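The values are calculated or read from the model by the stated rules, or taken from the named source; none is laboratory data. Everything numeric in this text was worked out from a predicted model, so none of it was measured. Positions of Cβ are backbone-derived with ideal geometry, glycine not excepted, and every protein chain shown enters the neighbour counts.
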Amino acid sequence: MEDNPTPNAENPEPTVEVEAPEALEEQKSVTNSVVLQVSTTQTIKIENSLVGAATAGADLSASDSAIAALVAERDLKFHDGGALACVAGGNLELSDGGAFAMVSGGEAKIQDGGVGVLITGGPVTLEGESKVLMTTEQALAFGAAFGAAFALLSFILRRGRR
């Protein structure tokens with residue numbers, strides 16, 4: 001960047017030259033691959049792949065894949081696959097698959113799928129043979145009970161050492 005605030009005979013007006021911004025990153029696609037991590041500020045599309053972690057600054061869609069962690073700033077769609085954790089800032093849609101834990105800022109729709117723990121900021125729709133083992137309220141109650149039991153056990157064990 002070149003700054004020339006002083007007017008002169010060659011340059012009568014103060015000017016500031018600004019470099020053009022780099023082009024926005026396009027959608028990333030992962031197909032028939034084994035990838036440790038894929039990350040972008042835009043949309044990610046994953047098909048027939050094994051992925052460690054996928055992080056999208058926009059939407060994320062995955063099908064026929066096994067993925068450890070999926071994180072989408074907006075909507076997340078997961079079809080016919082498995083995941084340990086799915087986090088979506090917007091809506092979350094799971095069909096013909098399963099996940100251990102799912103967190104959604106919006107609504108969640110599960111069709112013929114299974115989820116261990118589901119925490120959502122909106123309504124939940126279960127279609128077909130879907131199953132959720134723990135809802136938001138149940139997960140909070142379980143966490144509180146586990147925390148209380150752990151604190152009590154820790155207190156008892158420390159007291160026994162004295």
Practice task
Just one of (1) under 9 Å from the mean Cα position of the chain (by Cα); (2) touching a residue at least 24 places away in the same chain (Cβ under 8 Å) trips up residue 86, so point out which.
Solution key: (2)
Exercise for the section: Just one of (1) surrounded by 17 or more Cβ atoms within 10 Å (Cβ to Cβ); (2) at pLDDT 95 or above trips up residue 130, so point out which. Expected result: (2)
Handout entry: Candidate set: the range 104-127, residues that are of a type in the set (D, E, K, R) and in contact with an Asp or Glu (Cβ under 6 Å, 6 or more places away or on another chain); chosen: the one nearest to residue 77 (Cα to Cα)
Key = 109
Practice task
Report yes if some residue within the range 114-125 is outside any strand (DSSP E or B) and under 24 Å from residue 68 (Cβ atoms); otherwise report no.
Solution key: yes
Practice task
Report yes if some residue within the range 128-141 is assigned to a strand (DSSP E or B) and more than 22 Å from residue 62 (Cβ to Cβ); otherwise report no.
Solution key: yes
Practice task
Only residues that are β-branched (Val, Ile, Thr) and touching a residue at least 12 places away in the same chain (Cβ under 8 Å): list them for the range 111-162, please.
Solution key: 115, 117, 119, 120, 124, 125, 132, 135, 136
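Here is a yes/no grid of residues against (1) within 25 Å of residue 37 (Cβ to Cβ); (2) of a type in the set (A, V, I, L, M):
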| site | (1), (2) |
| --- | --- |
| 68 | yes, yes |
| 72 | yes, yes |
| 80 | yes, no |
| 100 | yes, no |
| 114 | no, no |
| 133 | no, yes |
| 139 | no, yes |
| 159 | no, no |
Handout entry: Subset of the range 78-126 [hydroxyl-bearing (Ser, Thr, Tyr), surrounded by fewer than 20 Cβ atoms within 10 Å (Cβ to Cβ) and closer than 21 Å to residue 43 by Cα]
Key = 95
